[in-house]
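Notes follow once the structure below has been shown.
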Amino acid sequence: MNKRVLTGVGAGMTATVAGVGGLYMYQSEGDSHEEPKTLTTSISQLFQQSKNKVLLTKSSTGEEWNRAWGRYKLSHQDKTSDEWGIPDFSKNQGSYDALPEFQDACTSRHSLEIESTEDINYKRVEDWCTRPKKIAELLGDEEGIELIPETGADSDWTSSWGKYRESQKASNGSSYKETDDWGISSWKEDKDKETLSNGFKSKCLDNSKQDIDKGSEDKLYQQVKSWCTRIKV
């Protein structure tokens, strides 16, 4: 059985996989009439398991698409043709805005059935048609904890502020560092106060929106997880 890489979406998508509808595994024993079992999964389903990437869709922001388009162009720098056969690619290499044809080439591959994340089509989509997960999205995958809501959780925020202050103590254990890890603008005024620092809360909320390429191993992710979450209610 032979499998060919998907090419030319936008100029006409062609894809073949072994057998009809995907790769199949037949039972070597038992009933010979038993239905074959598929071994393929769509790219979109595989990305649901991704630890740090999200597929771009038609509802993604223009800037997210523009960054993806930039990566695609960079991969084909100094070339007159491109792997996916985007119409008029060579004429639009100087364009900052993502071409609609490029967006179509990405989204049309979401339903492509492949064998695993090692498939070249998965790799291409991962490189050119995704964005990093945001910290808030990664926290959504965690068991038992959640990001503290912006409103209606004053006691949780105050408790987290206490954790942050504790983590910023100087080596003598009794005073606080002159400069804190997150560079909170009101740190010098707030560090000795038990009441919630609005500067700290704002930092938590801002940092939760940051893109994280490294997934849950990222230092900022670990900090937000430690200082800006509560037990899931």
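Read the figures in this text as sums done on the coordinates, not as results from a lab. No experiment lies behind these values; they were computed from the predicted model shown. Please note: Cβ atoms are built from the backbone with ideal geometry, for glycine as well, and neighbour counts cover all protein chains shown.
Backbone N atoms of region 74-104 closer than 11 Å to the 7 Å Cα→Cβ label point of Lys123 are not found in any residue. Note on region 62-156: with charges restricted to the Cβ of Lys and Arg (+1) and Asp and Glu (-1), its dipole about the Cα centre is near 700 debye. Full extension of the chain segment joining Ser216 with Ser42 gains 60.2 nm, where the gain is 0.36 nm per residue of separation less the Cα-Cα distance. Separation of region 48-91 from region 160-187 is 42 Å, based on Cα centroids. Computed from the Cβ-Cβ distance with R0 of 30 Å, the FRET efficiency linking Ile231 to Ser95 stands at 0.05. Footprinting exposure proxy ranking of Tyr122, Tyr96, Tyr176, fewest other C-beta atoms within 10 angstrom first, gives Tyr96, Tyr176, Tyr122. The Asp154 and Ser108 beta-carbon pair, evaluated with R₀ = 45 Å, returns a calculated FRET efficiency of approximately 0.40. About the centre of its Cα atoms, region 136-231 shows a dipole size close to 440 debye [charges on the beta carbon of Lys, Arg (+1) and Asp, Glu (-1) only; nearest 20 debye]. Were the residues from Glu166 through Ser116 laid out at 0.36 nm apart, the gain over their Cα-Cα distance would be 13.5 nm.
Loop-located GluC sites (Glu not before Pro) in region 78-181 (DSSP state other than H, G, I, E, B) with a sparse environment of at most 12 neighbouring Cβ atoms within 10 Å: Glu118, Glu143, Glu150, Glu178.
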